[in-house]
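One structure is given below, encoded as C-alpha cells.
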Amino acid sequence: MTRATGIGLVLVLALVAGVQGAAAQAHNHIGHVMDRWNDTPEMAGLLPAAIAEAEIAARHASLAASDPSNLDSIKRHTAHVLHAVDPTQIENGPGNGYGVKQAAEGAAKHIMAAANSEDASGAVKTHANHVATSAQNTVTRADEIVMLAQKIDMATSADDAASLVAELSALAQALLSGVDANDDGRTGWQEGEGGLEVAQTHGNLMKQAEGL
C-alpha cells in the first residue's frame, strides 16, 4: 500500500466514523423515547412509560365515571387518575410514580433532539414531528385532567361532580387513543388529535426506517 493510499483510507474511515457517530446520536435519542431511559420505572423508554401510566389513568377514570351517584367513589378514583397523570400533585396512588405528563414531555424533548441531530435522516425528521406533536397533545390533556381533578375534589355533591367526571373519563381515554378533532373519520398526529398510541405508531415506523 502506498503512503497516499494509506492516507486516503484513513480519511475515508474517519468520514465513515463521523457519519456513524452522527447517526448514533439520533439513534440514541430514539432509544431514549422508545426503548430505555435512565429514571423511568424499570428504565423503560419514555413513551412506553407514558403509555403504562396512561393505561392506569384510563382505567381509574372509567371506574370514577361508572357510578355517577357515588361522590366518594368518584373522588377516590379521580385521585388515582391524578396520581397516574402527575404524581407531583398527589403523593399516593396506583400509578408508577413517574406520571403521564413527565414521560410525555420527555418523549417530545428527546424525539426532537433526535430530529435536530446532525445528519438525522429524512425519516427521523418526519416521524419525530409526528411523535412530538402527539406527545405534546398528551401533555395538554394531562394538564386539563389535573384541573378537572382539582374541581372534582372540591365538589360537594355527586350531581356537581357527574359532568366533570364524564369529561375526565373522555380525556383519560384520549391520552392513549387521541381524538378525531376534525371529524374526518381518523385520528391523525396533528395538534389536537394524536395521543400516545399515534406517537407509538410513528415511533415504530421511525425505528423500522432506521433499521433499529
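Read-outs throughout are calculated quantities, based only on the coordinates presented, and are distinct from any laboratory measurement. What you see is a predicted model; the values in this text were computed from it and never measured. Glycine also receives a Cβ, built like all others from the backbone with ideal geometry; neighbour counts cover every protein chain displayed.
The table below gives the values:
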{"quantity": "Unique match (being crowded, with 21+ Cβ neighbours inside 10 Å and of a type in the set (D, E, K, R)) among GLU91, GLU105, GLU53", "calculated": "GLU53"}
{"quantity": "Conditions (1) without any contact (Cβ under 8 Å) to a residue 40 or more places away in the chain; (2) assigned to a helix (DSSP H, G or I): number failed by ALA162", "calculated": "(1)"}
{"quantity": "GLY188 within 15 Å of HIS130 (Cβ to Cβ), buried (at least 20 other Cβ atoms within 10 Å of the Cβ) and within 16 Å of the chain's Cα centre (by Cα)", "calculated": "no"}
{"quantity": "Matching residues in the range 110-125 - criterion: being assigned to a helix (DSSP H, G or I) and in contact (Cβ under 8 Å) with a residue 60 or more places away in the chain", "calculated": "HIS110, ILE111, ALA113, ALA114, ALA115, ALA123, VAL124"}
{"quantity": "Scope the range 121-139; condition more than 12 Å from the chain's Cα centre (by Cα) and either surrounded by fewer than 21 Cβ atoms within 10 Å (Cβ to Cβ) or among the acidic types (Asp, Glu) (or both); matching residues", "calculated": "SER121, GLY122, ALA123, LYS125, THR126, ASN129"}
{"quantity": "Test result for GLU118, surrounded by fewer than 17 Cβ atoms within 10 Å (Cβ to Cβ), under 21 Å from ILE56 (Cα atoms) and not small (Gly, Ala, Ser)", "calculated": "no"}
